[in-house]
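The structure appears right after this line, and notes come after that.
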Amino acid sequence: MRFRFAKLASHAVFASALVGLAAAATAAEPIKIGVTGPFTGGSSSMGVSMRDGVKLAVEEINKAGGVLGRPLQTVERDDEAKNERGVQIAQELINKEKVSATVGFINTGVALASQRFYQEAKIPVMNNVATGSLITHQFDDQPANYIFRNAAHDSIQAPMIVEEAIARRGYKKIAILADSTNYGQLGRDDLEKALALKNIKAVAVEKFNIKDVDMTAQLLKAKEAGAEAVLTYGIGPELAQIANGMTKLGWKVPIIGSWTLSMANFIDNAGPGGDGARMPQTFIQEPTTPKRQSFIISYLKTFNPKNARIDSPVSAAQGYDSVYLLAAAITQANSTEGPKIKAALEDLKTPVSGVVTTYNKPFTAKDHEAITANIPVFGEVKAQRVVYAYPDDFKKASEVRVKEAKK
Amino acid sequence: MAILLQLIYSGVALGMIYAVIAFGYQLTFQTSDTLNFGQGDALMLGAMVGLTLVTMGVNFWLMLPLVMVFGLFQGALVERIGVRPAIKIKSEFGWIMSTIALGIIFKNVAENVWGRDDMKFPSPLPESPLKFLGANVLPMEILVVVGAVLMMLAVEFFNRKTIYGKAVVATFNDRDAAKLMGINTGLVITFSYALSSATAAFAGALIAPLTLTGATMGSVLGLKAFAVAIIGGLTSGLGIIVGGIILGVAETTTGFYLSTGYKDVPGLVLLLLVLALKPAGLFGKTAIKKV
């Protein structure tokens, strides 16, 4: 009898241990976050830097105990900058991986093609790089919008580029060179609109394709039209061909363009020809605040990029911040359900201190853009790195620029 | 005037890039009536191997023959596993799929080995332009034109003046008769594939400093070169050069005088016109096929 009792007791202990284990398992079950971007190909310096920024943030959050007592787990997929791959991945992340939210989208075209699946599934997306103005307004006609962004969209960048060229540097004759993708053509549109506001019409508006190896025709047209500056909308490799084509023609005018001029594959492939190119940046790799300093140090230590230069510092910083924004929203919602996370994002109670800025009520139900026009500064390519274009900006860089209240 | 000259210079340089690749199509077509649709990928592999050698510290000029040796092996491999079985069973179209498939495999392997980012190929010549009759030319562009012409002349010389070259020509003219005369036509065909990949690899290493090196560099160039081969004629060495220059100049001038958005259109229109009016190409010989 005693023996049987002992056995029973041991069973009970075993059973309760099992129950305990199961409870622990649910408590520690990770919160899945989708990460989608091009990790290979022409846009990969943006995609990989973004992914690494995300990884860094996830690692830090998990070390500090995770979110709601559960660790974050990233599910990374390479969309190869292809719209159709993006669509496949969206469906896989939603239906198979059952992610709670997704961060990413580097390419405007991929974002526009893929995010309707998240919208339908009521899963929030935090665009952390793609800048096409339409992205956060794609579902304006629907009662709820699950698309958020913490990147400087094109309607911010295009006026900045035009302001720099016309007002600050006094050029009158402007040429626009944009690639034939969604990104380039939407950006060209924004540039033309911004120029029209200054009563200026570009003297040449030219197009080029991804993988074009000869830019002579485009550059000659700009040159013949008497352009004093070239405004660009494209990605690294082709932008480098523009700079190289200018060297060949012996025609040197300033290149001012969208933030992609800071991509490593522009800087490396253009060589000295790329020096002086200017672009709006939300983040420049300089330790101007303690937060930025610790971010740069741990990024360089963890991923050890070539020449101690982050391939695309903007992407890394925005990727990093996007995870903290999501984590704050999940904590506040006390849930991993899409609608609740979305509601929390639209009404974040606690400020999130990020690398780019301090996000103090970054989103509202009407406004899903975390970055406003006052946040980005101008960067310039100098000796194979991106530095502050204006010493004044650099001096004031330690004062974090925060989002303006809506006028 | 200076503008037109500039457009022509750039067009010629671009056209010669297409021509060297198209030359490879021609080499295999002449011996076996087949084409290596992975020609663009052979070019890419050559450029990638060249870049690896150069970053390892091999001199650019020493790298070129090494890359060609690599191309020889790569081409022979394609012929042995992709084309020979199709020829053996007298399949009309098997080689099309198998050469395309091998091209895709090579591209994927390259993506895994070298990554998919575009990289800069260090230029062996100064990167500042030369003034030439009022328009600018990069030294590297001159090298591409000279290198391409020299390579084609070397192959022509080989075909006309050496006994092995005559075997190649004989195989082209009549494969069965050549076989009866004791020529190892199988070996000749393998050789022509090896040679075509070697020229593609050479072209890849030569043009890489002008384009950018990456696993996908071959796809667009290979396609344009195919158009050049059709326009110029698959049987004429001169046709390839003329076809290349026509396409290159057409692209740059359309880009300037019409619209840069329509840059690729004239080449394709030209291709359709040639196919409709002179299917053997501008310089091709029309052979009468006996049935």
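The values are calculated or read from the model by the stated rules, or taken from the named source; none is laboratory data. Note that the structure is predicted; figures quoted are calculated from it, not measured. All Cβ positions, even for glycine, are placed from backbone atoms using ideal geometry, and neighbour counts span all protein chains on display. Heads up: the accessible areas ignore ligands, DNA and RNA and are worked out on the full protein's heavy atoms, side chains in. Shrake-Rupley method; radii C 1.70, N 1.55, O 1.52, S 1.80 Å.
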Q. For the pair A:Ala365 and B:Phe132, what calculated FRET efficiency results from E = 1/(1 + (r/R0)^6), where r is the Cβ-Cβ distance and R0 = 56 Å, to the nearest 0.05?
A. 0.30
Q: Have a look at A:Gly274, A:Gly65, A:Gly338 and tell me which one the Gaussian network model of chain A (Cα, springs below 10 Å) gives the largest fluctuation.
A: A:Gly65
**Q.** Pairwise FRET efficiency - B:Asn108 versus A:Glu29, Cβ, R0 = 41 Å, nearest 0.05
**A.** 0.70
Q. Label point 7 Å out from B:Ser219 along Cα-to-Cβ: which residues of the range A:193-227 have amide N under 17 Å?
A. A:209-213
Q: Enter the Cα centre distance for the pair the range A:302-345 and the range A:151-201, rounded to the nearest angstrom.
A: 29
Q | In order through the range A:293-303: 3J(HN,Hα) via Karplus (6.51 cos²θ - 1.76 cosθ + 1.60), integer Hz, x for Gly, Pro | A | 4, 5, 4, 5, 4, 6, 5, 5, 5, 6, 10
Q) Given B:Val49, B:Gly94, B:Leu206, which one lies farthest toward the positive end of the charge dipole of chain B, if we put +1 on the Cβ of every Lys and Arg and -1 on the Cβ of every Asp and Glu? A) B:Gly94
(Q) Between A:Ala225 and A:Asp189, what is the label-point separation in nm under the 7 Å Cα-to-beta-carbon projection? (A) 1.9
Q) Given the C-alpha centroids of the range A:66-100 and the range A:216-257, what is the distance between them in whole angstrom? A) 38
Q: Please give the solvent-accessible surface of B:Tyr262 in Å², to the nearest 10, using a probe radius of 1.4 Å with every protein chain present.
A: 130
Q) Among A:Val387, A:Val35, what's the order by accessible area (1.4 angstrom probe), most exposed first? A) A:Val387, A:Val35
**Q.** Evaluated at q = 0.08, 0.11 Å⁻¹: base-10 log I(q)/I(0), Debye formula over Cα of the protein assembly as shown
**A.** -0.69, -1.11
Q: Please list A:Thr136, B:Thr55 in order of solvent-accessible area, largest first, computed with a 1.4 Å probe with all protein chains present.
A: B:Thr55, A:Thr136
Q | Three-way shape label, the range B:66-180, alpha-carbon gyration tensor, a/c 1.5 | A | oblate
Q: Determine the shape class of the range B:164-224: with a ≥ b ≥ c the square roots of the Cα gyration tensor eigenvalues, call it rounded for a/c under 1.5, and otherwise prolate if a/b is greater than b/c, oblate otherwise.
A: prolate
Q) B:Ile81 to B:Ala154: FRET efficiency via 1/(1 + (r/R0)^6), r the Cβ-Cβ distance, R0 35 Å, to the nearest 0.05? A) 0.80
Q: Enumerate the amide H contacts of A:Val67 below 5 Å, restricted to partners 5 or more residues apart or on another chain; note that Pro and chain-start residues carry no placed amide H.
A: A:Leu72
Q: Of the DSSP beta bridges with both residues in the protein assembly as shown, give the percent that are antiparallel, rounding to the nearest 5.
A: 30
Q: Determine the calculated [θ] at 222 nm for the protein assembly as shown from helices alone, applying -39500 (n - 2.57) to every DSSP H run no shorter than 4 residues and normalising by the residue count; nearest 500 deg cm²/dmol.
A: -17500 deg cm²/dmol
Q | Projected label distance in nm at A:Glu337 and A:Arg309, using a 7 Å step from Cα toward the beta-carbon | A | 4.9
Q: Please report how far the C-alpha centroid of the range B:72-115 lies from that of the range B:1-69, rounded to the nearest whole angstrom.
A: 19
Q. Once you put a point 7 Å from the Cα of A:Lys98 and another 7 Å from the Cα of A:Glu163, both along the Cβ direction, what distance in nm separates them?
A. 4.7
Q.
In whole Hz and in residue order, list the ³J(HN,Hα) couplings for the range B:43-48 that follow from phi through the Karplus curve 6.51 cos²θ - 1.76 cosθ + 1.60, θ = phi - 60°; x for Gly and Pro.
A. 4, 4, 4, x, 5, 5
Q | Solvent-accessible area buried by pairing B with A, both sides, nearest 100 square angstrom, 1.4 angstrom probe | A | 2500
Q. How would you classify chain A from its alpha-carbon gyration tensor, with a ≥ b ≥ c the square roots of the eigenvalues: rounded for a/c under 1.5, else prolate if a/b is greater than b/c, otherwise oblate?
A. prolate
Q.
With the alpha-carbon atoms as the only input, what is the per residue convex hull volume for chain B in Å³?
A. 136
Q. Of B:Tyr257, B:Tyr25, which has the most accessible area with a 1.4 Å probe, and how do the rest follow in descending order?
A. B:Tyr257, B:Tyr25
